[in-house]
Amino acid sequence: MESNNKTVVVTGASGLLGRAVLKRFEEAGWKATGLAFSRAHKHPNLVKLDITDQEAVKHFLVSTRPEVIVHCAAEKSPDVVEKQPEEARKLNADATRNLALCAVQVKAFFIYISTDSVFDGKNPPYAEDATTSPLNKYGHSKRDGEVSTINLNAGVVLRIPFLYGPVDELAESSVAILFGQVKAGKPVTISHYDYRRPAHVDDIAGVVLLLAEKKLAVSKLEHLLTKLPQPVLLCMLKASPRDFKMI
């Protein structure tokens, strides 16, 4: 598609959601720059940048001055966050605050990808202004990122559920991990009462593009949840033939 001269920077562009977001912007004609770090070597089209390096991030954004910044990068594994809380906080909370500050400085529209894990799950569905009550350190770190985004008036927070879609590695998606375990014939223990609202990365990417293009007069918090809760296994079985690339 012909370029429309609009510019966007996508963090975490080597990840499950980041890849979809970057692709959607490129297809829409945006000049899109993807950032990655630990997996940048697998994607030569991406810029390698450690977003926990505040000065490096500031220098990059001041020099490129994008119109939109989509912050997909995060440590998403609750287990990793519990084991390495300080490192995870640097990425999920501190880096988010720095990105939001830089967005304000360069007058970029900041879209922060957050999570439904900022809630305890006791009284769904939640309104955007519902009181948050995270149950783990992951949820707390993402909530801190929300607070920075909102307090700095940098842009919007988009809370999303866990994701599925085309994976580079099965570990990228909770649904894909389960698929791999079942396919390998390994015993899997799952909760019989745990209901989730998974979303496809392409659907999320479409909403992110819409927010960027229209800069909608939305509230500072936007929820994106599929409306009908279904068991994780059912969603995996329905989606896997179309969405998952075997590796």
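Assorted remarks:
- Test set (1) closer than 25 Å to residue 123 by Cα; (2) at pLDDT below 85 - residue 204 fails condition number: (2)
- Those residues of the range 25-63 which are of a type in the set (Ser, Thr, Tyr) and over 13 Å from residue 6 (Cβ atoms), in sequence order: 38, 52, 63
- In the range 43-58, the residues that are in contact (Cβ under 8 Å) with a residue 40 or more places away in the chain and either closer than 9 Å to residue 13 by Cβ or within 19 Å of the chain's Cα centre (by Cα) (or both): 51, 52, 57
- Residue identified as over 27 Å from residue 9 (Cβ atoms), at pLDDT 75 or above and aromatic (Phe, Trp, Tyr) among 126, 164: 126
- Meets criteria (more than 20 Å from residue 51 (Cα to Cα), in a loop (DSSP other than H, G, I, E, B) and in contact with a His (Cβ under 7 Å, 6 or more places away or on another chain)) for residue 134: yes
- Test: residue 131 is out of contact with any helix residue (DSSP H, G or I) (no Cβ under 7 Å at 6 or more places or on another chain) and among the hydroxyl-bearing types (Ser, Thr, Tyr): yes
- Test result for residue 57, modelled with pLDDT of 95 or more and in contact with a Phe, Trp or Tyr (Cβ under 6 Å, 6 or more places away or on another chain): no
- Considered as a group, the residues in the range 24-64 that are of a type in the set (D, E, K, R) and in contact with a helix residue (DSSP H, G or I) (Cβ under 7 Å, 6 or more places away or on another chain) include one that is surrounded by the most Cβ atoms within 10 Å (Cβ to Cβ), and that residue is 24.
- Of the listed requirements (1) in contact with a Phe, Trp or Tyr (Cβ under 8 Å, 6 or more places away or on another chain); (2) under 15 Å from residue 113 (Cβ atoms), residue 4 misses just one: (2).
- Selection status of residue 74, surrounded by 22 or more Cβ atoms within 10 Å (Cβ to Cβ), hydrophobic (A, V, I, L, M, F, W, C), assigned to a loop (DSSP other than H, G, I, E, B) and in contact (Cβ under 8 Å) with a residue 60 or more places away in the chain: yes
- Test: residue 80 is at pLDDT below 95 and either hydrophobic (A, V, I, L, M, F, W, C) or not in a loop (DSSP other than H, G, I, E, B) (or both): yes
- Number of residues in the range 211-230 that are modelled with pLDDT of 75 or more, at negative phi and either surrounded by 12 or more Cβ atoms within 10 Å (Cβ to Cβ) or assigned to a loop (DSSP other than H, G, I, E, B) (or both) equals 3.
- Test: residue 75 is out of contact with any Leu (no Cβ under 7 Å at 6 or more places or on another chain), at pLDDT below 95 and over 29 Å from residue 214 (Cβ atoms): no
- Contact annotation: residue pairs with Cβ atoms under 7 Å, 6 or more positions apart or on different chains, pairing a residue in the range 123-136 that is within 18 Å of residue 157 (Cβ to Cβ) with a partner that is of a type in the set (Ser, Thr, Tyr), are 128/219; 134/117.
The values are calculated or read from the model by the stated rules, or taken from the named source; none is laboratory data. Keep in mind it's a predicted model, so treat the numbers as computed, not measured. Because the Cβ atoms are built from the backbone with ideal geometry, glycine has one as well, and the counts that use them run over all protein chains shown.
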